[in-house]
Amino acid sequence: MTSLKQSAIIGAVFAVLAALSNGTVGVLSRAAFHQGLDASTVAFARCGVALLVVSLIVLASKGCVAKICAGFRDSWKIAICSALGIFTLYHFETQALSFASIPLVSILVFAGGLGAIALDIFILKEKVTPRKILAMVLVFGGGVFLIAGDGLATGSMWGVSLALIAGFGYASFMFSWKFFKLKSCLENFWWFLAYGFAMLAIPYVASGAPALPLATLPNLLALGLIPSLCGFYCTIVALHHIEAYKAQVIESSEPFFSALFAAIIFGEWLTGEASVAGLAIICGALMTSLPEASDVPPTRVGSNSERNDAQVTNEL
């Protein structure tokens, strides 16, 4: 039980760190727009920076290149996850930020994960207790009120639709990574970024493949290192320790961080109602991160003989 609690805590911490990292996407992307970059260029560049850093780490790691080459045959599963988690998220979220406010896009991105959480429950058969249901109600209910507080009028329906598509893609990536039982290792992370980089190159080239001004590099480096590299790494580690739906709910605290950064940097302050909704999101995320007595370690399922031995011990 102690190891289970430790694993749950580690998973929750990394999920919160992922939410914090991903919460910087809006302000950093908006800053890149102000520097004259379009959405396709920003999405392509941020993934490229993350891939470059991971590639340098791979080259410095003994035997990692060989593992990457050996894993090419089975990397189609990672390609699916990358299409959902990198291409769909990066492309559509960055486009949405061109049409709607930062807090609104962030909230709608998380709201798009409702369908993927249903997949976690019905396909992965992840246990749903009354406490977890209450936590999801707090999180998603808070999101609804946060949207109402910020006002759908601040963003076009096109921006709203793009943000929802991005959110469903990201949540589906979390479901798919867990469904395929992919390992949280450096070589898989490299393939994940590499496939995403190749996919994002298509809209970048279609937009004319504009050159990157030198003045934009610091901001693009921040986009590549914080949300792209740290955010996804923390998510993958979290999925190794906790259920996919639980990681999704905890990371739904991202709108709070995104709204906070937007308020501090661009002066886009939350209303009183939206602040209360943000607090409900955080409470729900914390509630679902706590292990329950009925939880069973996902990495160890006792055999019939082990269960019988335990029953005999209890009877003695």
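The values are calculated or read from the model by the stated rules, or taken from the named source; none is laboratory data. If you're wondering where the values come from, they're calculated on a predicted model, not measured in any experiment. Virtual Cβ from ideal backbone geometry, glycine too; neighbours counted across all protein chains shown. Just so you know, the surface numbers come from the protein's heavy atoms only, side chains and all, with ligands and any DNA or RNA stripped out. Shrake-Rupley method; radii C 1.70, N 1.55, O 1.52, S 1.80 Å.
I'd like to know if the stretch 253-267 contains one or more residues that are surrounded by fewer than 24 Cβ atoms within 10 Å (Cβ to Cβ), farther than 29 Å from Thr129 by Cβ and modelled with pLDDT under 75. The answer is yes; a qualifying residue exists. Within the stretch 55-76, residues that are within 14 Å of Cys185 (Cβ to Cβ) have Cβ atoms under 8 Å from residues that are loosely packed, with under 14 Cβ neighbours inside 10 Å and of a type outside the set (A, V, I, L, M, F, W, C) in no pair, counting only partners at least 6 apart in sequence or on another chain.
Inside the stretch 190-215, can you point out the residues that are surrounded by fewer than 18 Cβ atoms within 10 Å (Cβ to Cβ) and either touching a residue at least 24 places away in the same chain (Cβ under 8 Å) or within 25 Å of Val65 (Cβ to Cβ) (or both)? It would help to see each step written out before you state the result.
In the first step, residues of the stretch 190-215 are kept if they are surrounded by fewer than 18 Cβ atoms within 10 Å (Cβ to Cβ); the result is 198, 201-202, 205-215.
Result: Ala198, Ala201, Ala206, Ser207, Pro210, Leu212, Pro213, Ala215.
A single entry from Ser82, Ser75 fulfils the requirement of being within 19 Å of the chain's Cα centre (by Cα), among the small types (Gly, Ala, Ser) and either open to solvent by 60 Å² or more (accessible area, probe 1.4 Å) or modelled with pLDDT of 90 or more (or both): Ser82. Taken residue by residue, the stretch 5-26 has no member that is modelled with pLDDT of 90 or more, open to solvent by less than 10 Å² (accessible area, probe 1.4 Å) and of a type in the set (S, T, N, Q).
Restricting attention to the stretch 226-252 and to residues that are open to solvent by less than 10 Å² (accessible area, probe 1.4 Å) and of a type in the set (Phe, Trp, Tyr), the residue that is modelled with the highest pLDDT turns out to be Phe232.
Determine if the stretch 185-207 includes at least one residue that is of a type outside the set (D, E, K, R) and at pLDDT below 90. Reasoning before the result, please.
So the first thing to find is which residues in the stretch 185-207 are of a type outside the set (D, E, K, R), and the list is 185-186, 188-207.
Those left that are additionally at pLDDT below 90: 185-186.
Yes; the residues of the stretch 185-207 include at least one that is of a type outside the set (D, E, K, R) and at pLDDT below 90.
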